[in-house]
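Student: Please read through the structure below; I'll follow up with questions.
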Amino acid sequence: MEGKVAIFVDGSPFVLIAPFTFFSFFQAAEDYYQRYEMATAIRLLRFMALLISLFIPSIYVSAITYHQEMIPTSLLISLAAQRESTPFPAFIEAMIMEVTFEILREAGIRMPRAIGQAVSIVGALVLGQAAVEAGIISASMVIVVALTGISSFATPSYSMALAVRLLRFPMIIAAGFLGFYGIAILSIMILAHMCGLRSFGIPYMAPLGPFILDDQKDTFFRFPIFKLTTRPRLISQNKVSRTSQESPSAAQSEPAGEESS
C-alpha cells in the first residue's frame with residue numbers, strides 16, 4: 001500500500017522490503033489494528049526506549065566520571081556510598097556489565113527454548129546480586145544495565161535493536177573519555193551518517209530529512225486510517241494513492257486527454 005517492493009528469496013524465511021527508512025523500523029503491524037491514540041502512544045514509547053537503550057549507560061558514565069555537579073546532591077551522596085567499595089571506575093563497570101548482559105542474552109537465544117529463558121533470567125539475577133554483594137559492581141550500575149537491556153527489546157525490528165546494541169559500546173567509550181562532549185560528537189557523527197544513507201535511492205531519514213509535511217502522518221505519530229490516503233511522496237511519485245484503483249475522475253479524464261491529444 002505504500003508502493004514498496006517485497007523481495008522473496010528461495011530458502012530464506014525472511015522477506016526484504018525496499019526501500020526501507022529509519023522510521024519503518026518502529027512501525028509494527030499491530031499499530032494499524034488499534035485506535036490511533038493508542039498506536040501513537042506505543043510508537044512514542046518505542047522511540048523513548050531507543051533513546052534509553054542507546055544513551056542511558058553513556059550518560060550515567062559521563063555524569064559519574066566528569067559531571068557530578070549535574071546530579072542532585074541527595075542522589076550523588078547515595079551513588080557515592082554505593083561506589084565506595086567498588087574497585088573499578090564507572091567506565092570499566094559499564095563495559096563489564098554490558099558484555100556480560102550480551103553474553104547472557106546470546107546464550108539464552110542459542111540454548112534450547114525450554115531452558116534458555118530460565119538460564120538467562122536466573123543467570124542475570126545471580127550474577128548481578130553476587131557482583132553487588134562482592135563489591136565488584138555497584139547496584140546503580142546493575143539497574144542502569146537492566147533498564148537498558150529491557151528497553152532494547154521494545155524495538156519491533158531485530159536489525160535495528162542489534163544496531164543499537166553495537167552502537168552502545170562506542171557511546172560508552174566516548175563518554176568514558178570525553179564525557180557529554182564525547183556523547184554529543186558521536187551522536188552528531190551517527191546522525192550525519194544516517195542522513196547520508198540511501199535505500200534504493202530514497203533518503204534513509206525521509207520524511208524527516210528531507211522534511212515532507214504530508215508524510216508526517218505515519219512517523220512519530222499515527223494519524224487515523226482515513227487520513228492515510230496517500231503514499232510516501234519520495235517512494236511512490238507516479239501513483240500517490242494507497243488504493244489499488246484510480247479515482248473515477250482520473251479514469252474519466254484520461255480518455256478525454258488522449259482524444260484531445
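The values are calculated or read from the model by the stated rules, or taken from the named source; none is laboratory data. As the structure is a prediction and not an experimental result, all values here were calculated from the model. Ideal geometry is used to build each Cβ from the backbone, glycine not excepted, and the neighbour counts take in all protein chains shown.
Student: Check whether at least one residue in the stretch 41-50 is at pLDDT 90 or above and at positive phi, and report yes or no.
Tutor: no
Student: Being surrounded by fewer than 16 Cβ atoms within 10 Å (Cβ to Cβ) and either small (G, A, S) or within 23 Å of the chain's Cα centre (by Cα) (or both) is the filter here, so list the residues in the stretch 214-238 that pass it.
Tutor: Scanning the stretch 214-238 gives Q216, F220, F221, F223.
Student: Here's a follow-up. Given the conditions (1) under 19 Å from the mean Cα position of the chain (by Cα); (2) assigned by TED's automatic domain parsing to the domain that holds M171; (3) buried (at least 16 other Cβ atoms within 10 Å of the Cβ), and given that V61 satisfies all but one, which numbered condition is not satisfied?
Tutor: Checking V61 against (1) under 19 Å from the mean Cα position of the chain (by Cα); (2) assigned by TED's automatic domain parsing to the domain that holds M171; (3) buried (at least 16 other Cβ atoms within 10 Å of the Cβ), the one that fails is (1).
Student: I would also like to ask the following. Within the stretch 71-78, can one find any residue that is assigned to a helix (DSSP H, G or I) and either surrounded by 13 or more Cβ atoms within 10 Å (Cβ to Cβ) or among the charged types (D, E, K, R) (or both)?
Tutor: Yes, that holds for at least one residue.
Student: Given the structure, is R233 touching a helix residue (DSSP H, G or I) at 6+ places or on another chain (Cβ under 9 Å), among the charged types (D, E, K, R) and assigned to a loop (DSSP other than H, G, I, E, B)?
Tutor: Here the answer is yes, as R233 does meet what is asked.
Student: Give the stretch 17-32 a look and list any residue that's more than 17 Å from K217 (Cβ to Cβ) and not in a loop (DSSP other than H, G, I, E, B), or say none.
Tutor: Hits for the stretch 17-32 are I17, A18, F25, A29, E30.
Student: Tell me yes or no: at least one residue of the stretch 104-116 is modelled with pLDDT under 90, surrounded by 12 or more Cβ atoms within 10 Å (Cβ to Cβ) and assigned to a loop (DSSP other than H, G, I, E, B).
Tutor: Among the residues of the stretch 104-116, at least one is modelled with pLDDT under 90, surrounded by 12 or more Cβ atoms within 10 Å (Cβ to Cβ) and assigned to a loop (DSSP other than H, G, I, E, B), which makes the answer yes.
Student: Right, next: Are there any pairs, at least 6 apart or on different chains, whose C-beta atoms fall under 9 Å, with the first in the stretch 143-165 and assigned by TED's automatic domain parsing to the domain that holds A131 and within 18 Å of M95 (Cα to Cα) and the second among the polar types (S, T, N, Q) and in a loop (DSSP other than H, G, I, E, B), and if so, which?
Tutor: V164/T155
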